[in-house]
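Peer 1: Structure in structure tokens, see below.
The values are calculated or read from the model by the stated rules, or taken from the named source; none is laboratory data. No experiment lies behind these values; they were computed from the predicted model shown. Using ideal geometry, Cβ is built from the backbone for each residue, glycine included, and neighbour counts are taken over all protein chains shown.
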Amino acid sequence: MAIPPDLFLHDSDKAALSALKAIPGFSQLLKWFMSVGFEKQEHIMNMGSNLRIDENQMPKYYHMLLPVCEKLQIKVPELYITLNVTPNAWTFGDTDPYIVITSGMLETVPDELIPTVLAHECGHIVCRHTLYTLMGSLIMMGMDVAASYVPLGLGQAVSSSLQMAFAYWMRCSELSADRVAAFCDGSADKTIRLCMHFAGYDKDFYDIKPNISAFLAQIEDYKKLTSDNAWNKTLEFLWMRNKDHPQSAIRAYECNEWAKSQQFDKIVRYLGSAGTEGSADGTTVPMEAPAPEESKAFIGRKAEDVIKTLREAGFTNIRTVRTMDKGPVSKDGLVTEVKAAGNFFGQFEWLPVDAQIVITYFKGATEKEDVSAHPGMVRMPDSARNFIGRDCTEVAKQLAASGFTNILLERQPILIQLFAREGSVAKVIADHDSNFEKGTWYLPETLIRIVYHSSKPQFA
């Protein structure tokens, strides 16, 4: 079961990416970026410059990555270390992502927190950040540098507004990746400790135990300072506008708040358990799962495909109901409606896994069903429009052979000989209806009027 990225996406991440895509020139730049192979170039440069970590090279760190990928249900990316005193890590590559961790990270952060670093980087893969991260890194090199990569005609796309928009989105994307790391760890504690190391706590401070509560209190003071007045907020913006990572305090605060939310608890139960979970008072709580799509998104799709999608999401109580009522969807086997516990639902709405999901699908009546549903009736052998222009006596015989017993032929004078053939049907009216379809059911004695063209005084 692939993990839906929306489970972890921070609201600001989604909003910032939407705003980024709305900037004039962005889609043009994206198409160019996808076509030039910049991702492959970066991979080649990385492999030639940095040290790959695997089972044969620094295996301790490689084996920290494996359980993270297993928990997140993703392919294990290549892992590299680069010589850089700054504690940092990043993930590059959209089609074949890889992780790079700096030597400074290993020197600054204790080994027990390295899995958290790796989980954060894998979070970018789960949240599908990597394509835009790679683009953003190019843009954030600076307009002059980035423009040298961009072909003639696209240089204007690399503007200061695009640069700032990328920086803002990249900061927001870190908050989503932190959520993934907290999920892998089971709490925000290790991510908060990691942020403390980025803020100045050194792993060599053996005799000084990190005080998480004091750090969180510092964060509250920071939040208060920057929200007290508009000027302080402006100063914060001017300082951060071109930075691609949020402040360590903000990351710790956001991750801690999310780990205390019901959303976090639901995700942990959904991805980490099966069946039910025990609540604090000892009762059994049905596990919930997020709806993979909203109700209306399933309409018009094959019923078996919808069943498969819902089962893969974890839902266990799925029932199908057939309808023969024709509507916007009138093709056999296609879904006309999906409800959970009698209600429509939205995408990623949390529902109990045992909630009854009713999938209504269309299947037209079989010949036997159609006949049994209309006892004592006869069926129109053709549509009204297909009778027009045919010989009226042949139409009368066909209707009589179908079981109609009250057939009347009515002459309609031909006014212009060129436009009508002698004896041809002008229209057929069944019980005052001249627009009936083939297969419509009527009583045998229903009056059928066949109006035909004729230049003669009488025709029968």
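Peer 1: Suppose the filter is among the hydrophobic types (A, V, I, L, M, F, W, C) and at pLDDT below 95; does ALA384 pass it?
Peer 2: Considered against the rule, which asks whether it is among the hydrophobic types (A, V, I, L, M, F, W, C) and at pLDDT below 95, ALA384 comes out as no.
Peer 1: Something else now. ASN232 is checked against (1) over 19 Å from LEU113 (Cα atoms); (2) at pLDDT 75 or above and fails just one. What number does that condition carry?
Peer 2: All conditions pass for ASN232, except number (2).
Peer 1: Another question about this same structure. So which residues in segment 225-241 are of a type in the set (A, V, I, L, M, F, W, C) and under 23 Å from MET170 (Cβ atoms), if there are any at all?
Peer 2: Within segment 225-241, LEU235, PHE237, LEU238, TRP239, MET240 meet the criteria.
Peer 1: Within segment 359-389, how many residues are surrounded by 16 or more Cβ atoms within 10 Å (Cβ to Cβ) and among the aliphatic types (A, V, I, L, M)?
Peer 2: Summing the residues that are surrounded by 16 or more Cβ atoms within 10 Å (Cβ to Cβ) and among the aliphatic types (A, V, I, L, M) in segment 359-389 gives 4.
Peer 1: Here are the criteria: (1) among the polar types (S, T, N, Q); (2) closer than 30 Å to VAL321 by Cα; (3) more than 55 Å from the chain's Cα centre (by Cα). Tell me which single one ASN406 does not satisfy.
Peer 2: The single condition ASN406 does not satisfy is (2).
Peer 1: Search segment 236-249 for residues being in contact with a helix residue (DSSP H, G or I) (Cβ under 8 Å, 6 or more places away or on another chain) and not polar (S, T, N, Q), and hand back the single one that is nearest to TYR201 (Cα to Cα).
Peer 2: Within segment 236-249, the match that is nearest to TYR201 (Cα to Cα) is ALA249.
Peer 1: Does ALA182 qualify as being crowded, with 24+ Cβ neighbours inside 10 Å, at pLDDT 75 or above and not in a loop (DSSP other than H, G, I, E, B)?
Peer 2: The answer is yes for ALA182.
Peer 1: Picking from ALA217, ALA249, which residue would you name as being in a helix (DSSP H, G or I), surrounded by 13 or more Cβ atoms within 10 Å (Cβ to Cβ) and in the same structural domain as LEU138 (by TED's automatic domain parsing)?
Peer 2: When all the criteria are applied, what remains is ALA249.
Peer 1: In segment 252-275, what count of residues is obtained for those that are assigned to a helix (DSSP H, G or I), charged (D, E, K, R) and more than 23 Å from the chain's Cα centre (by Cα)?
Peer 2: 2
Peer 1: Pull up segment 412-457, narrow it to residues that are among the charged types (D, E, K, R) and over 16 Å from PHE387 (Cβ atoms), then point me to the one that is nearest to the chain's Cα centre (by Cα).
Peer 2: Among those residues, the one meeting the criterion is GLU445.
Peer 1: Moving to a separate point now. If you go through segment 342-358 one residue at a time, how many are more than 16 Å from GLU293 (Cβ to Cβ) and loosely packed, with under 13 Cβ neighbours inside 10 Å?
Peer 2: The number of residues fulfilling the criteria is 1.
Peer 1: In segment 313-344, which residues are within 12 Å of PHE298 (Cα to Cα) and either modelled with pLDDT under 95 or in the same structural domain as TYR442 (by TED's automatic domain parsing) (or both)?
Peer 2: Matches in segment 313-344: VAL329 only.
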